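A quick write-up on the structure given underneath.
Please treat every number below as a calculation from the coordinates, not as lab data. Being a predicted model, the structure only gives us computed values, none of them experimental. Backbone-built Cβ (ideal geometry, glycine too); neighbour counts: all protein chains shown.
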Amino acid sequence: MSRFYVTTPIYYVNAEPHLGHAYTTIVGDALTRWRRLHGDDVLYLTGTDEHGLKIRQSADAAGMSPQAFCDSIAPKFAHAWERLNIANDDFIRTTEPRHHAAVQELLQRCYDAGDIELDTYSGKYCVACEEYYSDEELLDNDHCPIHKRPVDHFEEENYFFRLSRFQDRLLKWYADHPGSIVPEFRGNEALGLIRGGLRDFSVSRTSLDWGIRLPWDDKHVAYVWFDALTNYLSATGFGDSSVDYTQRWPVDYHLIGKDIIRHHCVYWPAMLMSAGVDLPKGWAVGGWLLVDGEKMAKSTGNVVNPLDLIDVVGVDGFRYYVLAETAYGSDGDFSFDGLVSRYNADLANNLGNLAARVATVVEKKCGGIGPAPRTDSPLAEAAAEAVAATTKAWDAVAPSRALEATWGLIRATNAYLEMHEPWKSEPGSDVDAVMGDALEALRIVTLLAHPAVPATTEVIWMRLGLSGSPADQRLPAATSWGGYAGGTAVEKGDPLFPRIKS
Ligand code: MSP
C-alpha cells in the first residue's frame, strides 16, 4: 500500500474561517479522497497557527490571554471543516506539546549545524504578514505590499538562520527535482526568489513571550514562521524519540497559497537541509480567491463565510464550485452569481438531470430494474477517456481540469440519451441497451466525482442499487467499463440539486 501525506497551511486564529481558507482545505480533502479511492494510506493534516505577535495583539484586543483566545477560535476551524465534510486525519495546533517538542528539536538541529547565529536585527516588519521587509519591497510610505498598511520598525537582538548559505544548494536541489512545485509557473516564482539572492532571516524574538523558547537560550522565543512550518513534521512524530517520523515523512504535497511561497519553498527546504531532514516531495501552490479584485482577508473586510454559502447551494454545491471554478494556481474571482450559475449549469442541469432522467426511464420502461450495459457500448470510449483525463489531472493537483474531464462523460451520456430518446420508445431490448449504457456511465461518473461531491455520489450509488459506497471501491479497476452487472432496483428519489433562481 502506498502512503500519501498532504497538508494545508495552518490558519492564523486571528480570523474566523473564511472562503479563502476553505478553498485550500477543500482541495486537500478532494485530493485525499482521490488517493483513498486508490487504496493509499493517507494522512491529511490541517490545523491552526497560534503563536506570534499577530495573535498576541488579537488576544490583547479581545481582553483575553493568548491561550484562552486561541482556545476560543481553533474549534471554529475544526467545526467549519466538519460542516464542509473535510476528512482530515489530524488537526494540529501549534500550542500542543507534540509541536513544542518538534520545534525545539528542529531549532536545536539547525543550531548544532552552525546555521543559527546571534546578531542584531534592525528593520521593517509587517505584523499581519509576520514578515520582515526591505525598503525596496515596501510600497510608498513604508506600506506592506500585501496588506497595504504601515509596517513597524524593529531593532533587537535576534538569532538568525543563515539562509544566504543555501542559495546554491537550493538551486541544485530544485534542478534535480523538476516539477516538484506545481503548477510550473509557481515553481518559477520560487526559483526567481532564490536566484534573486537570499537574506538571512531572524528566527527568534526577545520582545515577545507568546511562542516556543529556544532550547539553548530561553530569553528568546522562536519566530512564528519557524514555529509554524515545523507543524508538518510535528504531526509525523518528529521530536518524539519513541516514534519513527520517517514512516510519514517526507510529505507528498504541501498545499499553499501563492503568498507563502517564500516561506514554504525557500525557508522551509533550507531549514530541513540544515537539520538533515529529507525535503518535501511536492508543493502545490494555489492562487487567491478575490472579491472585486481584492484578496479576501480579514484586514480587507471582504470576508465571505463559507458556512453561509452552504445554506444556499449545499455542501457539495459549494465544494464543487471552489474546485471547478478556478484553475488551481491562478487567482479566481468569487461572486455569488458565479456560484449560483455554476450550480445550475453543472449540478442541476448536468449531473442532477442525468441521475434523474436515468432513474425515471428505468422506472417507466425497464420496470425499475437496471439493465446491464453492452460491452461494445459507444459510451465505453468516452468513459475510458474521462477516466484517463481525470486521473492525470488529479495527479497534477489540477481539480478544475479533473472535474472538466469527469463532466465530459456526463455531457456525453446526456447527449447519448438525447440522441436515442429512450423515453419515447416502447420497452424492449433497444431501450434496455441504451439504459444499461447510461447506468454504467453514471456509475463511473459517481466514482470519478466522489472526491469533489462525496455526499451526493453516495446517494447516487445507493439509488443505483449498488452496495457499499463509492469510497469502498478501488480505482482504477472499479472504473473499467462493464463493472455494472445490471439487475439492481434503481430508485428515483428527490432531485439531487434543485435549480436555484438567482
Ligand atoms: N499561518 C500562516 C501559514 C503557516 S503554514 C506553516 C498563514 N495563515 S493564513 O490564515 O493567513 O493563510 C493561510 C492560507 O490561506 C494561505 O495559503 C493563504 O494563501 C490562504 N488564503 C487566505 N486568504 C485567501 C484567499 N482569499 N484566497 C485563497 N487563499 C487564501 O498564512
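What to note about this one:
- q = 0.15 Å⁻¹, region 132-234: log10 I(q)/I(0) [Debye, one scatterer per Cα]: -0.88
- Two-decimal log10 I(q)/I(0) for region 129-172, as the Debye equation yields it once each C-alpha is a single scatterer, q = 0.24, 0.29 Å⁻¹: -0.89, -1.00
- Helix 306-325 and the longest principal axis of the Cα set of the chain meet at an angle near 90°.
- Amide proton proximity set for Ile92, modelled H, under 5 Å, gap of 5+: Thr46, Gly47, Thr48
- For the chain, with +1 on Lys and Arg beta carbons and -1 on Asp and Glu, the positive-most of Gly114, Leu496, Leu279 along the dipole: Leu496
- Cα-based Rg / Dmax (Å) for region 335-479: 15.0, 48
- P(r) weight above 30 Å for the chain, C-alpha pairs, percent: 51 percent
- Sequence-distant residues sharing a close amide H with Val127 (under 5 Å, placed H): Asp152
- For region 27-160, the Stokes-Einstein estimate of translational diffusion at 37 °C and a viscosity of 0.692 mPa s comes to 180 µm²/s, using the Kirkwood hydrodynamic radius over alpha-carbon pairs.
- Amide H contacts under 5 Å for Ala284, placed H, 5+ residues apart: Val182, His254, Leu255, Ile256
- The chain: angle of helix 184-195 to the longest principal axis, Cα-based, in degrees nearest 10: 10 degrees
- Computed E for Leu118/Thr300 - FRET, C-beta separation, R0 35 angstrom, nearest 0.05: 0.40
- His153 sits among other residues whose Cβ lies under 10 Å from its own Cβ, and their net charge, with Lys and Arg +1 and Asp and Glu -1, is -2.
- Pair Ser335, Asp168: separation of 7 Å Cα→Cβ label points (nm): 5.3 nm
- Partnerless Cys - the chain, beta-carbon criterion under 4.7 Å: Cys70, Cys110, Cys265, Cys366
- Kirkwood Rh in Å, taken over all unlike Cα pairs in region 189-325: 18.0 Å
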